[in-house]
Amino acid sequence: MAERHGIFTTEQPAEVITPVPLNITLPVVFGTAPVNLTTLENAPVNKPILCESWNDVVAAFGYSDDWESFTLSEFTHYFFKIAKLSPVVFVNVLDPTKHNATVATASYTLSDGVVTVPDQGIIKSTVVLTSDDGATTYTAGKDYSVSFNTSGNLVVSRIASGALTANSTVKIAYSKLDRSKVTAADLIGGVVEATGEATGLELLDQVFPLFRIVPALIAAPGFSQNPTVAAVMTEKAASLNGGHFKAQAITDLSSEIVYTDTPAWKKTNAYNDPRQINTYPLFTYDDRTYHSSTVASAVIVQTDVNNGGVPSVSPSNKSAKIDGTKTDTRAIALGPQQAQYLNANGIVTALNFVGGFVLWGNRTGAYPNQKDPQSSFIPVRRMFDWISNTLTLTYWKYLDGSIDRRLIEAITDAANFWMNGLTAAGYILGGRVEFNASENPVADLMDGKMKFHVYVTPPSPAQAIDFVMEYDTSYFAALFATAA
């Protein structure tokens, strides 16, 4: 280095607190899975598992086309196969030790040493093989082996050194998973007082500690049309991890009723919360039927992905990969008038009008009871929660620091810098953070309590666009204009 003699200065960029990124819209989905097919040592029951691919889900939970019995398979198929999105956290509440049914013994004949039992959900450990006359009980691992084919059906294979012949007739008895025994109470769950073990929706509080990702959407297709389940989903969405985080519950309205009856059903069953997105009816795609909450969750995630992970854009009028809508009993075609009727009552649906099928509706469940933007508009409500969650993540490290001017300025300066960035990017119309004396009395400061006031305006969705048409006679003058 050359010799230097004098006073020199250099500059470096000002240190600015970088907001903790919150650019993953994570659905947490509760339901039932064919866990008899799991490759894990123990069937995952009431255990949140983060899945980033189809293979992750199949390895942990199995997969079945029997979506009525195994609701998580429905969400898995649409989210990974149709929408091609990732990741998602699944929670299976079907417990093989409790939710099972014994199947009557039936006779089967092996063909070349193999027989397939055409039934779903068979619990491998309960399979019993006997001779056709019942006199001999065969031994698993010695006389035969059991496995599952790609359809989830049990395959019994003769072991050559065992007692079975290649074409033996046998009787097979077993127990299988029974979805009908899973109740709303299993979905809702709770905390076991003696052990502190959480089950059902109470497991939402474990998602962030386990995976370091804040839940954004809570879904339970096949169960969320139950008012009690939906109420708890919404309650949890408003206060995750003791109120530190917030999410949105994606709930189904009853698909047993016609669309004209849905507003009354929604009101009677109290599907009316700002953090609740109500969906109706069932959606179809390629001869399969999906709950509307499944499709809506995927459209919301895709919309956020297209917007840099920021939920400032409404999922309404965004493409939905479906080809029809239906109730439980028949296909229905919802035109703009019917869709508008649902939207006017805080219900999101699908519309096939201009540009193919789209998700249709900007309103949360609070509408029309509550009409203020942060309660009634989906993207505005979600932006408030997203900003709230980001502030919690970013400034958590300042908890328990000394309350002084330096702390106040560190938070307000960095937060306002971030707000300016959101404004410049078009995610909000404007925002600022203030530390006001009127909101921070000395008694509170002495007690270690600080309050920062966040002013923010997310853009509202263009709910209605009007063009005013007028006949203008002044253009007749063009008939008499002379050429220059």
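The values are calculated or read from the model by the stated rules, or taken from the named source; none is laboratory data. These figures come from a predicted structure and were not determined experimentally. Because the Cβ atoms are built from the backbone with ideal geometry, glycine has one as well, and the counts that use them run over all protein chains shown. Only protein heavy atoms, including side chains, enter the accessible area calculation; ligands, DNA and RNA are left aside. Shrake-Rupley method; radii C 1.70, N 1.55, O 1.52, S 1.80 Å.
Tell me yes or no: at least one residue of the range 369-385 is small (Gly, Ala, Ser), open to solvent by 30 Å² or more (accessible area, probe 1.4 Å) and in contact with a Gly (Cβ under 9 Å, 6 or more places away or on another chain). There is no residue in the range 369-385 that is small (Gly, Ala, Ser), open to solvent by 30 Å² or more (accessible area, probe 1.4 Å) and in contact with a Gly (Cβ under 9 Å, 6 or more places away or on another chain). Take the conditions (1) farther than 18 Å from Arg275 by Cβ; (2) touching a Gly at 6+ places or on another chain (Cβ under 6 Å); (3) aliphatic (A, V, I, L, M); (4) crowded, with 20+ Cβ neighbours inside 10 Å; Leu407 misses just one of them, which is (4). Each residue in the range 345-363 was checked for being closer than 26 Å to Ala247 by Cα and part of a loop (DSSP other than H, G, I, E, B), and 5 of them qualify.
Among the residues making up the range 420-451, a single one is aliphatic (A, V, I, L, M), in a loop (DSSP other than H, G, I, E, B), in contact (Cβ under 8 Å) with a residue 40 or more places away in the chain and out of contact with any Leu (no Cβ under 7 Å at 6 or more places or on another chain): Met450. Of all the criteria given as (1) β-branched (Val, Ile, Thr); (2) closer than 19 Å to Thr71 by Cβ; (3) free of Cβ contacts under 8 Å to residues at least 40 places away in the same chain, the one not satisfied by Thr268 is (2). Filtering Ala333, Ala339, Ala415 for residues that are open to solvent by 10 Å² or more (accessible area, probe 1.4 Å) and more than 22 Å from the chain's Cα centre (by Cα) leaves a single hit, Ala333. Working only within the range 255-286, note down all residues that are crowded, with 18+ Cβ neighbours inside 10 Å and either among the small types (Gly, Ala, Ser) or in contact with a His (Cβ under 7 Å, 6 or more places away or on another chain) (or both). Residues satisfying the conditions are Ser255, Leu282. Applying the condition of being of a type in the set (Val, Ile, Thr) and touching a residue at least 60 places away in the same chain (Cβ under 8 Å) to the range 103-137 and asking which residue is nearest to Ala43 (Cα to Cα) yields Ile123. Restricting attention to the range 88-117, and to residues there that are at negative phi and not in a strand (DSSP E or B), which single residue is surrounded by the most Cβ atoms within 10 Å (Cβ to Cβ)? My answer is Leu94. Being at pLDDT 95 or above and within 30 Å of Asp444 (Cβ to Cβ): is that true of Ile403 here? Yes.
Considering only residues that are part of a loop (DSSP other than H, G, I, E, B) and either modelled with pLDDT under 95 or among the hydrophobic types (A, V, I, L, M, F, W, C) (or both), which ones fall in the range 57-85?
Residues of the range 57-85 that are part of a loop (DSSP other than H, G, I, E, B), as a first pass: 62-70, 83-85.
Scanning the range 57-85 gives Trp67, Phe70, Ala83, Leu85.
Tell me which residues, restricted to the range 342-359, are on the phi > 0 side of the Ramachandran plot and either surrounded by 15 or more Cβ atoms within 10 Å (Cβ to Cβ) or touching an Asp or Glu at 6+ places or on another chain (Cβ under 7 Å) (or both).
Gly346
What residue, of Ala333, Ala350, Ala339, is closer than 19 Å to His291 by Cα and modelled with pLDDT under 95? The unique qualifying residue is Ala333.
Within the range 205-214, not a single residue is open to solvent by 10 Å² or more (accessible area, probe 1.4 Å), over 25 Å from Val305 (Cβ atoms), in contact with a helix residue (DSSP H, G or I) (Cβ under 7 Å, 6 or more places away or on another chain) and among the hydrophobic types (A, V, I, L, M, F, W, C).
Quick check on Asp252: is it of a type in the set (Asp, Glu) and open to solvent by less than 30 Å² (accessible area, probe 1.4 Å)?
In short, yes.
In the range 321-330, how many are open to solvent by 40 Å² or more (accessible area, probe 1.4 Å) and in a strand (DSSP E or B)?
1
Looking across Leu342, Leu334, one residue alone is part of a helix (DSSP H, G or I), over 30 Å from Phe417 (Cβ atoms) and touching a Ser or Thr at 6+ places or on another chain (Cβ under 8 Å). It is Leu342. Remark: Asn362 matches the filter, which requires a residue to be at pLDDT 95 or above, more than 17 Å from Thr260 (Cβ to Cβ) and surrounded by 14 or more Cβ atoms within 10 Å (Cβ to Cβ).
In the range 465-480, which residues are open to solvent by 80 Å² or more (accessible area, probe 1.4 Å) and either hydroxyl-bearing (Ser, Thr, Tyr) or assigned to a loop (DSSP other than H, G, I, E, B) (or both)? Within the range 465-480, Ile465, Asp466, Phe467, Val468, Met469, Glu470, Tyr471, Thr473, Tyr475 qualify. Taking first residues from the range 138-150 that are touching a residue at least 60 places away in the same chain (Cβ under 8 Å) and partners that are open to solvent by less than 70 Å² (accessible area, probe 1.4 Å), the Cβ contacts under 9 Å between residues at least 6 apart in sequence or on separate chains come to Phe148/Asn36; Phe148/Leu37; Phe148/Gly62; Phe148/Ile122; Phe148/Leu154; Phe148/Val155. Only residues that are of a type outside the set (Gly, Ala, Ser), open to solvent by less than 40 Å² (accessible area, probe 1.4 Å), under 28 Å from Ala59 (Cβ atoms) and assigned to a strand (DSSP E or B) were counted in the range 120-178, giving 10.
The listed residues are Val305, Val299, Val310, Val295, and the only one of them that is open to solvent by less than 50 Å² (accessible area, probe 1.4 Å), over 17 Å from Ile250 (Cα atoms), under 18 Å from the mean Cα position of the chain (by Cα) and not small (Gly, Ala, Ser) turns out to be Val310.
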